[in-house]
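This report concerns only the one structure given below.
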Amino acid sequence: MDDREHLRATFDTVARAYADARPTYPDELVGALDAATGIGPGSQLLEVGCGPGTATLPLARLGCRITAVELGEELAAEARRRLRAYPDVDVVAGSFETWPQGEHSFDLVYAATAWHWVDPDVRYRRAHDVLRPDGYLAFWRADHVRPVGGDPFFEEIQEVYDEIGAGLPEDHVFAAPGELPEETVEIEGSGLFEVTAVRHVDWEATYDADGYLALLDTFSGHIAMAPAARDRLYGEIRRRLALRPDGRLRRHWGAVLHVAAPLR
């Protein structure tokens, strides 16, 4: 099992925590997806890596018919629980790479913070094979961005990450909103898709110590971290936040929505 396979499997060990701690996606992003693809009531969607259903829910509310494929059994169970009010959503436990798929049956294949975990050698071909000729592929992920005047906590805490051997590369720069890398070259390099829309969206969330550590507990690198290293890091995060008047930090999130049409 390579690192990608190992790390993507870690999320299932924290299924309930993942559902509670990860941010929801802003209405602006969902609206941009709707505008770029024309999906609506009755549209047939295939979601890749639905997790606990965070991105599934707003599209289910639109009246879409969704097949959601999730690698983790526990995450799939959590998604079913959260989506039980939507009979047109079918959550399937399995790998997108091997899940049985019919041909050209979906209006949209989409992935929210999951596309980069799918085997890069097969993901575009698998999506292409199940899309209708007038369908779309869409994906995005939630990343940390640092605006001008953003919270300096994340730069300051890096010395602790360095101490426990989990520091960022020396040349790492926190991206500003609107500056996250786009993946248009990769999409069109597949020879299977033409990019039709790219949209940057950002939003802010605030966390107390408990909330922020719960969030960190859903990141693959922190899940896989040695217990002693994690205890040192988390203890220092608690200590530093306790010194702040409100005991909270501000984290900016950013996403790049990519939408592409299949070439035939």
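Please give the charge dipole size of the chain, origin at the Cα centre, charges +1 on K and R Cβ atoms and -1 on D and E Cβ atoms. Round to the nearest 20 debye.
Numbers: 27 positive and 45 negative charges, 172 e Å.
For this selection, approximately 820 debye.
Running a GNM on the chain with Cα contacts under 10 Å, which residue among Asp88, Asp171, Asp27 ends up with the highest mean-square fluctuation?
Between Asp88, Asp171, Asp27, it is Asp171 that shows the largest mean-square fluctuation.
Principal axis lengths of the chain from Cα atoms, whole Å, largest first?
So the extents along the principal axes, rounded to whole Å, are 56, 36, 35.
Where Lys and Arg each count +1 and Asp and Glu each count -1, what net charge lies around Glu163 among other residues with Cβ under 12 Å from its Cβ?
-2
222 nm [θ] for the chain, helices only, -39500 (n - 2.57) per DSSP H run of 4+, per residue, to 500?
Value at 222 nm, helices only, nearest 500: -9500 deg cm²/dmol.
Can you say what percent of the DSSP beta bridges in the chain, counting only those with both residues inside, are antiparallel? Round to 5. Walk me through the intermediate numbers first.
Numbers: 21 of 40 bridges.
The antiparallel fraction comes to roughly 50 percent.
Rounded to two decimals, what ratio of Rg to Rh does region 110-192 give with C-alpha atoms and a Kirkwood Rh? Please report the intermediate quantities before stating the final value.
Details: Rg = 17.4 Å, Rh = 15.8 Å.
Rounded to two decimals, Rg over Rh is 1.10.
Tell me the net charge near Ile66. Cut-off is 9 Å between Cβ atoms, Ile66 excluded, with +1 for each Lys or Arg and -1 for each Asp or Glu.
Values: positive: Arg65; negative: Glu47, Asp88, Asp90.
The answer is -2.
May I ask you to sort Leu168, Leu57 by Cβ crowding, counting other Cβ atoms within 10 Å and putting the fewest first?
Leu168, Leu57
Given N residues in region 58-207, what is Rg(Cα) / (2.2 N^0.38 Å)? Walk me through the numbers on the way to the answer.
Details: Rg = 18.6 Å, N = 150, 2.2 N^0.38 = 14.8 Å.
After normalising by residue count via 2.2 N^0.38 Å, the value is 1.26.
Most mobile of Ala228, Ala112, Ala79 per a Gaussian network model of the chain (Cα springs, under 10 Å)?
Ala228
Under 10 Å, Cα contacts only: if you run a Gaussian network model on the chain, which one of Thr24, Thr54, Thr37 comes out with the highest mean-square fluctuation?
Maximum among the listed residues: Thr24.
Give me the extension gain from Val185 to Leu168: residue separation times 0.36 nm, minus the current Cα-Cα distance, reported in nm with one decimal.
Once the chain is fully extended between Val185 and Leu168, it gains 3.6 nm.
Going by how many other Cβ atoms sit within 10 Å of their own, how do Arg61, Arg22 line up, fewest first?
If I rank by nearby Cβ atoms, fewest first, I get Arg61, Arg22.
Would you list Arg65, Arg125 from fewest to most Cβ contacts within 10 Å?
Lowest count first: Arg125, Arg65.
Could I get the Rg over Rh figure for region 159-222? Both from C-alpha atoms, Rh via Kirkwood, rounded to two places.
Reported Rg/Rh (Cα atoms, Kirkwood Rh): 1.08.
No lab work stands behind these numbers, since they all come straight from the coordinates. Predicted, not measured: the structure shown is a model, and the values here were computed from it. Here the Cβ is made from the backbone with ideal geometry for all residues, glycine too, and neighbour counts use every protein chain on show.
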